[in-house]
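Notes to accompany the following structure.
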Amino acid sequence: MNPDGGVQLGGVTVRYGRRTALEGVHGSFAPGSLTAVVGANGAGKSTLLMAVAGTVRLAHGAVACPARAQRRLAFLPQLAAIDRSFPLTVAELVALGGWREFGAFRAPSPALRARAEEAAVTVGLAERLRRRVSELSEGEFRRALFARLILQDAAVILLDEPFAAVDTATTVALLDQLMQWHEEGRTVIAVLHDLAMVRTHFPETLVLARRCLAWGATEAALPAMAA
Amino acid sequence: MTAAHSLLVAPFETLGFMRSALVACLALALANGAVGTLLLLRRMSLDGDVLGHAVMPGAAVGYLYAGPSPTWLTLGGLASGLAVAALAGAITRRGARDDAALVAFYLVALSLGVLLVAWRGSNVDLVRVLFGTVLAIDRQALWQIAAASSVILLAVAALYRPLAVEAFDPAFLRAVGARAGYRAVFSMLVVLALVASFQAFGTLLAVGPMLLPAAAARCWSLGAAASIALATAFGLASSVCGLLISYHGNLPSGPAIVLSAGMLFGLSLLAAGAWRRLSPLFGSRP
């Protein structure tokens, strides 16, 4: 679907003060690939996503991501980065996904609002549209964020621990959505902890421990995680 | 009727300085409702406090240079306020926000300002700079306040969406490619609002009419826009109430206004809490 969905990393190094979070990561995500990023805590997984999204300064190296320049990149950070007490309804949150259409200075159009409702229905939040995000459970909030991602219609989708603290039913529903994005030819990169899920659903895996330990087909790469 | 008239209307009818003070407070309430609510939503109330004090050294220099001239107070206050806003922004960008550094800024700025004023001025000058003189607002100051409030309202109206989204989910705003420095722009608006308030409320109280009505409005868990409207209404109410209290009780006006706003906050906390507990009984919420 998207010829520009590729992401190339050229020796990406990120430092926070004196601490090196990511060092010399080199490689590429093919357009339409579905990749799991795994590694211990502090291995630089979130930093890698931020580097691709362009929200962290690189000490060395470069990231080539045409989708980012075209604003066709979507990034779902860890929930801690989002202020859930903000007075916003689910419908408003999902409609933000159409930002590319309405931009900073205009309101979402009625057509866009209708699409937002559709997306909310897709993730099973039809009953919750008028609720405040502060009233949602953890799982419902994730669903709402996924609905926003649907609306963003991005070529490259970055997910940081999308299934953390989510019940099984929600995980199954969101994983379905993720597979659908893959079938639609979008590039999906997800930070995950559940290695069984990685094995069954993710064709590619990147194992990080500040450096890249392994990157490629999951069955070949994943053993590096144990080593 | 006449009792109510002499209690509520006569002070403004008979005294020009009360009218000036009222108009100034109303103009400030319009700007403060918007800026204060966004400040709370962005969890930057400490920054507001710091910037309020950051205005002090510059205003003090202006004061030393030209006496109590509104223009020089404003220019000096703007200069030092913006300088500290830039420094505070740099601190926040270096990773985790450092509250201790922000507090250090505010203590240093306040002390420096007090030293500067005390060096050349009298205790009266010092009290003026610290607590403001809302009853001594002249026409020139009024124009400046009105201009600043207009600029702030227009800017917030134009930038409302990105400012709100950045408070809610900053990574999303960056990912959709909005790379403008909204944080810096917002800090500038806060400094402008504080400088406008400085004449009326002084460096110690200027942040009060900004934060307290907004905090009171937030108790009612409305949407962001409705919260701004309610904060503005609370700001107007506390201004009128505070001015009347200060007139009838022969008390300083700035603190009376801030206290009124504080009382509104307390009442809102209690009333909203009671409402939350009682509303299930009336079945007004599923």
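Here, each number is a calculation from the coordinates, and none is a lab measurement. The shown structure was predicted, so the numbers you read here are calculated from the model rather than taken from an experiment. All Cβ positions, even for glycine, are placed from backbone atoms using ideal geometry, and neighbour counts span all protein chains on display.
Between B:LEU270 and B:ASN123, what is the FRET efficiency for a Förster distance of 35 Å, r being their Cβ-Cβ separation, to the nearest 0.05?
Working: r = 39 Å, r/R0 = 1.10.
Efficiency for this residue pair is about 0.35.
Using 7 Å Cα-to-Cβ label points, what is the B:LEU87/A:ARG100 separation (nm, one decimal)?
4.3 nm
Given 37 °C and 0.692 mPa s, compute D for the protein assembly as shown with the Stokes-Einstein relation, Rh being the Kirkwood radius over Cα pairs; round to the nearest whole µm²/s.
Numbers: Rh = 25.4 Å.
Taking Rh from Cα pairs, D becomes 129 µm²/s.
Please identify the trypsin sites (Lys or Arg not before Pro) of segment A:126-186 that satisfy two criteria: DSSP loop assignment and at most 12 other Cβ atoms within 10 Å. Which are they? Don't skip to the answer; put the middle values down first.
Numbers: sites: A:ARG128, A:ARG130, A:ARG131, A:ARG132, A:ARG142, A:ARG143, A:ARG148, A:ARG186; in loops: A:ARG130, A:ARG131, A:ARG186.
Here the trypsin sites (Lys or Arg not before Pro) that fit, given the DSSP loop and packing criteria, are A:ARG130.
Can you work out D for segment A:177-218 in µm² s⁻¹ from Stokes-Einstein, where Rh is the Kirkwood radius over C-alpha pairs, the temperature is 4 °C and the viscosity is 1.567 mPa s? Write down the numbers at each step before the final one.
Values: Rh = 11.2 Å.
It diffuses with D of about 115 µm²/s by this estimate.
By Kyte-Doolittle mean hydropathy of at least 0.5 and Cα axial length of at least 27 Å, which whole DSSP H helices of chain B are selected?
Values: long enough: B:16-41 (37 Å, 1.77); B:45-66 (32 Å, 0.74); B:70-93 (33 Å, 1.12); B:99-120 (32 Å, 1.82); B:139-168 (40 Å, 1.16); B:182-205 (28 Å, 1.72); B:224-249 (36 Å, 1.41); B:253-282 (42 Å, 1.13).
Passing helices, by number: B:16-41, B:45-66, B:70-93, B:99-120, B:139-168, B:182-205, B:224-249, B:253-282.
What would the Debye equation give as log₁₀ I(q)/I(0) for segment A:59-139 at q = 0.12, 0.19, 0.20, 0.23 Å⁻¹, counting only Cα atoms as equal point scatterers?
-0.45, -0.97, -1.04, -1.23
If the viscosity is 0.890 mPa s and the temperature 25 °C, what translational diffusion coefficient in µm²/s does Stokes-Einstein give for chain A when Rh comes from Kirkwood over Cα pairs? Don't skip to the end; give the middle numbers.
On the way: Rh = 18.0 Å.
The calculation lands on 136 µm²/s.
Hey, what did segment A:149-192 get for relative contact order, percent, Cα under 8 Å, at least 6 apart?
Values: 33 pairs, mean separation 27.1, N = 44.
It comes to 62 percent, rounded to a whole number.
Can you work out ³J(HN,Hα) from phi for every residue in segment A:29-42, in order, using Karplus 6.51 cos²θ - 1.76 cosθ + 1.60 and θ = phi - 60°, giving whole Hz and x for Gly and Pro?
Computed from phi, the couplings for segment A:29-42 are 9, 5, x, x, 7, 10, 10, 9, 10, 10, x, 5, 4, x Hz.
Evaluate the charge dipole of segment B:2-274 about its Cα centre and quote only its size in Debye, nearest 20, assuming +1 on the Cβ of each Lys and Arg and -1 on the Cβ of each Asp and Glu.
Numbers: 14 positive and 9 negative charges, 103 e Å.
Here segment B:2-274 has a charge dipole of around 500 debye.
At a Förster distance of 22 Å, what's the computed FRET efficiency of A:ASN41 paired with A:SER134, Cβ-Cβ distance as r, to 0.05? It would help to have the intermediate numbers written out before the result.
On the way: r = 28 Å, r/R0 = 1.28.
Here the calculated transfer efficiency is 0.20.
Wrap a convex hull around the Cα atoms of segment B:2-274, take a quarter of its surface area, and give that in square nanometres.
Details: hull surface 60.3 nm².
Mean projected area of the Cα convex hull: 15.1 nm².
Cut-off is 10 Å between beta-carbons; in what order do B:GLU13, A:GLU140 appear when sorted fewest neighbours first?
Numbers: B:GLU13 11, A:GLU140 20.
Result, fewest neighbours first: B:GLU13, A:GLU140.
Using only Cα atoms, find the angle between the long axis of helix A:110-122 and the longest principal axis of chain A, and express it within 0 to 90 degrees, rounded to the nearest 10.
Relative to chain A, helix A:110-122 is tipped by roughly 60 degrees.
Within 10 Å of each residue's Cβ, count the other Cβ atoms and sort A:SER109, B:SER45 from fewest upward.
Values: A:SER109 13, B:SER45 16.
With the fewest neighbours first, A:SER109, B:SER45 line up as A:SER109, B:SER45.
What do you get for Rg/Rh over segment A:144-226 if you use C-alpha atoms and the Kirkwood form of Rh?
Values: Rg = 13.1 Å, Rh = 13.6 Å.
Reported Rg/Rh, Kirkwood definition of Rh: 0.96.
Using only Cα atoms, tell me the angle between helix A:138-152 and the longest principal axis of chain A; keep it within 0 to 90° and round to the nearest 10.
Compared with the principal axis, the helix lies near 90 degrees.
Highest first, please rank the peptides B:25-35, A:49-59 by the mean number of other Cβ atoms sitting within 10 Å of their residues. Mind dumping the intermediate values first?
Numbers: B:25-35: 26.0, A:49-59: 19.5.
Most protected by this proxy first, the peptides run B:25-35, A:49-59.
Out of segment A:181-227, which GluC sites (Glu not before Pro) are coil in DSSP terms and have no more than 16 other C-beta atoms within 10 Å? Kindly include the intermediate steps, with their values, before the conclusion.
Values: sites: A:GLU183, A:GLU184, A:GLU204, A:GLU219; in loops: A:GLU184.
In loop regions of segment A:181-227 (DSSP not H, G, I, E or B), the sparsely surrounded GluC sites (Glu not before Pro) are A:GLU184.
Which value in nm describes the separation of the simple spin-label points at A:ALA220 and A:ALA62, placed 7 Å from the Cα toward the beta carbon?
With each label placed 7 Å out from Cα toward Cβ, I get 2.7 nm.
Figure the gain on full extension for B:SER150 and B:THR2 (residue separation times 0.36 nm, minus the Cα-Cα span) and round it to one decimal in nm.
On the way: separation 148, 0.36 × 148 = 53.28 nm, distance 3.61 nm.
Extra length available between B:SER150 and B:THR2 comes to 49.7 nm.
Given contacts defined as C-alpha pairs under 8 Å and at least six residues apart, what's the relative contact order of segment B:153-286, whole-number percent? Spell out each step's value before the answer.
Details: 102 pairs, mean separation 26.0, N = 134.
Reported relative contact order: 19 percent.
Rounded to the nearest angstrom and ordered from largest down, what semi-axes does the equivalent ellipsoid of segment B:7-94 get from its C-alpha gyration tensor (root of 5λ)? Walk me through the numbers before you get to the answer.
Values: eigenvalues 181, 86, 11 Å².
Result for segment B:7-94: semi-axes of 30, 21, 8 Å.
Which distance in nm do the two modelled labels at A:LEU175 and A:VAL121 give, with both placed 7 Å along the Cα-to-Cβ direction?
2.7 nm
Kindly provide the chymotrypsin sites (Phe, Trp or Tyr not before Pro) of segment A:89-133 that DSSP labels as loop, not H, G, I, E or B, and whose Cβ sees at most 16 other Cβ atoms within 10 Å.
Qualifying residues, ordered by number: A:PHE105.
Mind checking the dipole of chain A: about its Cα centre, +1 per Lys or Arg Cβ, -1 per Asp or Glu Cβ, Debye to the nearest 20? Walk me through the numbers on the way to the answer.
Details: 24 positive and 21 negative charges, 175 e Å.
Rounded to the nearest 20 debye, it is 840 debye.
Could you work out the relative contact order of chain B? I mean the mean sequence separation of Cα pairs under 8 Å and 6+ apart, divided by the number of residues, in percent. Numbers along the way, then the final one.
Numbers: 420 pairs, mean separation 79.6, N = 286.
That works out to 28 percent.
For peptide A:65-78, what's the mean number of Cβ atoms from other chains within 10 Å of each residue's Cβ?
Values: counts 0, 0, 0, 2, 1, 1, 4, 2, 3, 3, 6, 4, 6, 1.
Mean partner-chain Cβ count within 10 Å for A:65-78: 2.
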